[in-house]
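Undergrad: One structure coming up, written as structure tokens, with questions to follow.
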Amino acid sequence: MMPRGPGRLWSLVTDAALVAVLVTLGLVGSVVAYRSLAQKAAAQQRELLTAMGQSVVGAFDLQLVRAVESLQVSGQMFSAQGAPTREQFARYGASLIGESSTMTLLEWQPVVPHARLAEFERRAALEQPGYRVVEPAPEYQGDGFVAVKPRDEHVPVLYSWPETGAALGVDMAFDPRRMRSKLLARDAGSPVASETFGLIRRGQAGPAANGFAVSAPVYRTARPAGVDARRAELVGYVAGVIEVPELMREAALRADANELDLFVFDQDGQHRLIYSSAGSEPFQADAADTVLSVDVGGRPWQLVLRPRPGFVGAGQDDAPLLALAGGGLATLVVALAVVRSLVIRRRLERTEAVLAEDREHLTNVLAGTAAGTWDWRIDTGQLVVNERWAQMLGRTLAELEPFNVTTWERLCHAGDLIEANNALKRHLKGDEDRFTAEFRMRHADGHWVWVQSTGRVFERDAEGKPLRLAGTHMDITRRKADEQRLHDDARALEAANRQLRDLAIHDALTGAFNRRHFNDVCLAALAGAQRGQAVALCMLDVDFFKAYNDQYGHQAGDAVLKVLALTLKSGLKRSTDAVFRLGGEEFGVIFSAGSAETARQFVDQLGAALHALALPHSQSPMKIVTASFGLAWWAAPTSRLTPEAMYAAADAALYEAKRNGRDRTVMRSFEAGEGESASLAMVR
Ligand SMILES: Nc1nc2c(ncn2[C@@H]2O[C@H](COP(=O)(O)OP(=O)(O)OP(=O)(O)O)[C@@H](O)[C@H]2O)c(=O)[nH]1
């Protein structure tokens, strides 16, 4: 049964809770999967970016290391051999720059005390006419040099390879930033890179290229030990000039090929952007950035790689989203399936409840009607009945086991089985909407129980062939008995009525029709006669009957009358002929006769039959009982002929027969219409 009231509400709440838990679990699972995959994807992307970053760094790091190493070797070589000459430096520079495309210039920058500056300029001018030690003017924009300011030491560029565009004569000591890396290199005894700045290129106007110099110290002796010795022994610097865009060219190409933007910062002192592959856009830190640190000739640089929208690793971001969407969708599908199954379950529960109510209702109805039930599977012959079915026959279901359709046939009256089967066939064929039959079934104590069986097919196969039918059995024995009694009573009543009717039209003594019925029969005879048939009425009266009664007694007289009536009846020829007792000892016979002669012969036969009886009558001159006959015959009676007229005509003829001596027949014949065509004819 479907829960009602609070129970139903509770059931709805638990169902809703189940769906909510499923949805929550599904969504939480999806989010967890999303986060896990997203983290994994982010880690993979970081790994990928790091690997790419290393590839990008590798694009310049090796060259840079080579350049620094070359400068280191250069510094050591000049320390061992002494300061280079112009030719030496040109040769050396040509081979070094040729090997390394990282450095755009290689310079020899001797340290010149101020006191020897003039001497230095004079000597240099011998080699390089017009050589002067200068420094950029304050308003320097690629050109504009002024005489060098007096300071303790000058570090002018003496030689350069190549010389074109080189900052020959420029005293690097003018700029403390430039000098910082040189002094560090001097003290360390190894090359040190400067920070980046606008490169000074003499003879080249326009914006200065962004670059830096790696300076390697050159001492008077090879490898002086300790800072003081290095400071005392220092004679100058071999400096390699490196342009940042040139250094980053290959790295930027690699970054670009991988859809990455590259930013380079110099981290020494202030965090300064020295290169950007993204043009002049101001740099804003981003969560997707991958940061790598690189040592550039002793300076800490920082490379920032930022994935662009088309980054090769970006596609991996789809997996978490797909997991989230797939998980959400799966949760939705599962939730819908659960809701659907819950809805179906509810519908089933409702249907079951309705069925249970129907079943209860049906059980009550059946209990009220005391009907037996049956359910017959036609294909298997299996018949299922209820206990009441068996009780009706004074039996139990257990007694009837094994039970099937032959059990019914065995218990059914053989005389009713055929009609019951015929009714069944009519229903199965579809001729009748339901099966109804009444038959007798054998009760356990031997008597017959009348059963009314009603049912109908309720299951058919795909072709409409009946598979199962079910119905009820009602005990109608009492009704049948009532019907039989009614039937018997009706028959008795009918018989009584018939008797009454007979009595009403028959004479009680002789059994002949009485005078009352005479008119009806006459009219019927006339109705037939008017279709062209002739009609005859014969009246007869026992002769000397008073005397007979007197002689033999009234009862004997009655007996004569009975015998006479029988004799007359047995003489009749047709079913329409009839004998009447018209009064006392007077009788009438209506009969058909095609001709007057036939009519006369018929009456003669009646008279002869009476004679043949030879009933003794001592008081009659004939000594036997005789009668006088008056016969009237109409060849073609018209509608004007009435029973009274017929009676009168026959009576008149009888009168004549009496008058003429009795024991005879007088005949009147009417050949056409009612007009008498033949006068009295004495027959005997
Ligand atoms: N036994 C008996 N006699 C009857 C019955 N009905 C009438 N009769 C008698 O029939 C007699 C008729 O007598 P009548 O009319 O004088 O005629 P009849 O003696 O036969 O003389 P005719 O007819 O002239 O030959 C009467 O004595 C009646 O009593 C009856 O039902 N039974």
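Undergrad: Using the alpha-carbon centroid of each, what span in Å lies between the stretch 423-454 and the stretch 559-583?
TA: Measuring centre to centre over Cα atoms gives 53 Å.
Undergrad: Shifting gears a bit: Do any trypsin sites (Lys or Arg not before Pro) in the stretch 539-603 lie in a loop, going by DSSP, with at most 16 other beta-carbon atoms within 10 Å of their beta carbon, and if so which?
TA: Details: sites: Lys546, Lys562, Lys569, Lys573, Arg574, Arg581, Arg600; in loops: Lys573, Arg574.
Answer in residue order: Lys573, Arg574.
Undergrad: Past the 27 Å Cα-Cα mark, which pairs from Lys562/Lys658; Lys429/Lys480; Lys569/Lys658? Please list the in-between numbers first.
TA: Details: Lys562/Lys658 22 Å; Lys429/Lys480 29 Å; Lys569/Lys658 23 Å.
Listed pairs above 27 Å: Lys429/Lys480.
Undergrad: A further question follows. Pull up all non-local amide H partners of Glu432: gap of 5 or more, or a different chain, and H-to-H distance under 5 Å with H placed in the peptide plane.
TA: Result for Glu432 returns His427.
Undergrad: Counting only other residues whose beta carbon sits under 12 Å from that of Gly165, what net charge do I get with K and R as +1, D and E as -1? Write down the numbers at each step before the final one.
TA: Working: positive: Arg201, Arg202; negative: Glu107, Asp143, Glu163, Glu243.
Surrounding charge for Gly165 is -2.
Undergrad: Continuing with the same structure: Which order do peptides 76-88, 176-188 fall in by mean Cβ count within 10 Å, highest first?
TA: Packing order, densest peptide first, comes out as 176-188, 76-88.
Undergrad: Let me ask something else about it. How many angstrom separate the Cα center of the stretch 619-640 from the Cα center of the stretch 107-140?
TA: 199
Undergrad: Can you give the helix-only mean residue ellipticity at 222 nm for the chain, where every DSSP H stretch with n ≥ 4 adds -39500 (n - 2.57) and the sum goes over all residues, rounded to the nearest 500 deg cm²/dmol? Display every interim value, and only then the final one.
TA: Details: 17 runs with 324 residues, N = 684.
That comes out to -16000 deg cm²/dmol.
Undergrad: Determine the distance separating the Cα centre of the stretch 5-53 from the Cα centre of the stretch 243-260; give it in Å without decimals.
TA: So the separation of the two Cα centres works out to 42 Å.
Undergrad: Still on this model: With an 8 Å Cα cut-off and a minimum separation of 6 or more residues, compute the relative contact order for the stretch 65-247 in percent.
TA: Values: 378 pairs, mean separation 53.3, N = 183.
Result for the stretch 65-247 is 29 percent.
Undergrad: Kindly give the semi-axes, whole Å and largest first, of the ellipsoid equivalent to the chain, taking each as the square root of 5 times a Cα gyration tensor eigenvalue.
TA: Numbers: eigenvalues 5560, 179, 61 Å².
Gyration-tensor ellipsoid for the chain: 167, 30, 17 Å.
Undergrad: What is the extension gain from Arg46 to Glu246, computed as 0.36 nm multiplied by their sequence separation minus the C-alpha to C-alpha distance, in nm to one decimal?
TA: Taking Arg46 through Glu246 to full extension adds about 69.3 nm, to one decimal.
Undergrad: When ranked by the protection proxy of mean other Cβ atoms within 10 Å per residue, highest first, what sequence do the peptides 320-329, 233-242, 335-344 form? Before the final figure, lay out each step's value.
TA: Details: 320-329: 15.6, 233-242: 25.2, 335-344: 12.8.
Final packing ranking: 233-242, 320-329, 335-344.
Undergrad: With contacts defined as alpha carbon pairs under 8 Å and 6 or more residues apart, what's the relative contact order of the chain in percent?
TA: Values: 1149 pairs, mean separation 61.7, N = 684.
Taking the mean separation of contacting Cα pairs over the length of the chain, I get 9 percent.
Undergrad: Among His413, Trp376, Ser277, whose Cα projects farthest towards the positive end of the dipole of the stretch 268-419, with charges put on the beta-carbon of Lys, Arg (+1) and Asp, Glu (-1)?
TA: Most positive-ward Cα: Ser277.
Undergrad: What shape does the stretch 506-682 have by the C-alpha gyration tensor, where a ≥ b ≥ c are the square roots of the eigenvalues, rounded means a/c under 1.5, and otherwise prolate means a/b greater than b/c and oblate the rest?
TA: Working: a/c = 2.09, a/b = 1.60, b/c = 1.30.
Since a/c reaches 1.5 and a/b is larger than b/c, the shape of the stretch 506-682 is classed as prolate.
Undergrad: Hey, what did the stretch 245-398 get for relative contact order, percent, Cα under 8 Å, at least 6 apart?
TA: Details: 133 pairs, mean separation 22.0, N = 154.
Over the stretch 245-398, the number comes to 14 percent.
Undergrad: Still on this model: So what are the three principal axis dimensions of the stretch 277-414 from its Cα atoms, in whole Å, longest to shortest?
TA: Reported extents, whole Å, longest axis first: 124, 29, 23.
Undergrad: Would you mind getting me the FRET efficiency between Glu644 and Leu366? Use the beta-carbon distance for r and R0 = 56 Å, nearest 0.05.
TA: Values: r = 72 Å, r/R0 = 1.29.
Here the calculated transfer efficiency is 0.20.
Undergrad: Quick one: which residues, 5+ away or cross-chain, put their amide H under 5 Å from the amide H of Val235? H built at 1.01 Å from N.
TA: Here the answer is Val218, Tyr219, Arg220, since their amide H atoms fall under 5 Å of that of Val235.
None of the figures in this text is laboratory data; all of them are computed from the coordinates on show. What you see is a predicted model; the values in this text were computed from it and never measured. When we count neighbours, we look across all protein chains shown, and the Cβ atoms used for this are built from the backbone with ideal geometry, even at glycine.
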